[in-house]
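S.K.: Below you'll find the structure I mean.
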Amino acid sequence: MRLRNIPRAGEIIRTHHAVIRQPELQRGCWSQVFGNSRPIRIEIGMGKGRFIMNMAKAHPEINFIGIERYSSVLLRAVEKFDTDEFNELTNVRFICMDAREIGDVFAPGEVERIYLNFSDPWPKARHARRRLTSTEFLARYEQVLKEGGLLEFKTDNTGLFDFSLEQIGEAGWTLQAHTYDLHHNEEMNRGNIMTEYEEKFSAKGNPINKLIAVRK
């Protein structure tokens, strides 16, 4: 899908206090950015930010960082952050970057948990390496997750979910839990915070898949 360019996005992102510019300079120092040593969790491909901001609101004891590749999409998250519902949050920051650079931005063991929500399925076989749950990306996550760190992945795309389960095994990670119907799984759905896509797809009757994996 072609994203519409928004000319003002770049300037707003460069000047907004919640957006971290040159995030590679904070590698190993994210506790200083937040002013505390609370655990750090990141969402890769956060979209418009509803999930991560609601997580930050529900869990003030955790620091959250939302990563989004496209400035036009990150702009929407920043605009949402500036509303009365979220503008007092102090435990959330945003980065505009490609997820492939994650090892340049976070030090080994600096991240407690990674969230992937409704990631691009890249359906063509030749693009499999681009999927955020491929072994290639799992290797990148290993660089930054602490020992015993978790990956949580949600999608309505069953083909991508099956692929992800295979990749978890191939990468040597431990599958802690998984379901093909999150909203009817009482244990895994407890405390679940929905994304914009999740609400849209589930309203259509689409089952939501979720897995939780532990880094090797």
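The values are calculated or read from the model by the stated rules, or taken from the named source; none is laboratory data. None of the values given here were measured: they were computed from a predicted structure. Heads up, the Cβs are rebuilt from the backbone with ideal geometry, glycines too, and the neighbour counts pull from every protein chain shown. Keep in mind that these areas ignore ligands, DNA and RNA; they rest on the heavy atoms of the full protein, side chains included. Shrake-Rupley method; radii C 1.70, N 1.55, O 1.52, S 1.80 Å.
S.K.: Which of (1) without any contact (Cβ under 8 Å) to a residue 12 or more places away in the chain; (2) closer than 25 Å to Lys57 by Cβ is the odd one out, the single condition Thr195 does not satisfy?
M.R.: The one condition Thr195 does not meet is (1).
S.K.: Kindly establish whether Thr155 is over 23 Å from Met46 (Cα atoms) and among the β-branched types (Val, Ile, Thr).
M.R.: For Thr155, the condition - over 23 Å from Met46 (Cα atoms) and among the β-branched types (Val, Ile, Thr) - is not met.
S.K.: Tell me which residues, restricted to the range 57-90, are hydroxyl-bearing (Ser, Thr, Tyr), under 20 Å from Val105 (Cα atoms) and outside any loop (DSSP other than H, G, I, E, B).
M.R.: Listed by number, the list holds a single entry, Ser71.
S.K.: Further question on the same structure: For the range 15-56, name all the residues that are part of a helix (DSSP H, G or I), without any contact (Cβ under 8 Å) to a residue 40 or more places away in the chain and either acidic (Asp, Glu) or farther than 17 Å from Asp82 by Cβ (or both).
M.R.: Leu25, Ser31, Gln32
S.K.: Right, something else. Just wondering, is there one or more residues in the range 142-154 that are more than 16 Å from the chain's Cα centre (by Cα) and over 20 Å from Glu110 (Cβ atoms)?
M.R.: No, every residue in the range 142-154 fails to be more than 16 Å from the chain's Cα centre (by Cα) and over 20 Å from Glu110 (Cβ atoms).
S.K.: To continue, here is another question. Taking Val111 and the conditions (1) touching a helix residue (DSSP H, G or I) at 6+ places or on another chain (Cβ under 6 Å); (2) open to solvent by 20 Å² or more (accessible area, probe 1.4 Å), which numbered condition does it fall short on, given that it satisfies the others?
M.R.: Looking at each condition in turn, Val111 falls short on (2).
S.K.: Still on this model: Scan the range 184-195 residue by residue and report those that are open to solvent by 80 Å² or more (accessible area, probe 1.4 Å) and farther than 13 Å from Ile212 by Cα.
M.R.: Matches in the range 184-195: His184, Glu186, Arg190.
S.K.: Okay, moving on. Restricting the search to the range 165-183, which residues are part of a helix (DSSP H, G or I) and either crowded, with 17+ Cβ neighbours inside 10 Å or not small (Gly, Ala, Ser) (or both)?
M.R.: Leu165, Glu166, Gln167, Ile168, Glu170, Leu182, His183
S.K.: Quick check on the range 20-27. Is at least one of its residues open to solvent by less than 40 Å² (accessible area, probe 1.4 Å) and either modelled with pLDDT under 95 or within 27 Å of Phe137 (Cα to Cα) (or both)?
M.R.: The answer is yes; a qualifying residue exists.
S.K.: Follow-up question, since we're still on this one. Within the range 91-134, which residues are assigned to a loop (DSSP other than H, G, I, E, B), in contact with a strand residue (DSSP E or B) (Cβ under 9 Å, 6 or more places away or on another chain), of a type outside the set (Val, Ile, Thr) and under 21 Å from Asn157 (Cβ atoms)?
M.R.: Phe118, Ser119, Pro121, Leu132
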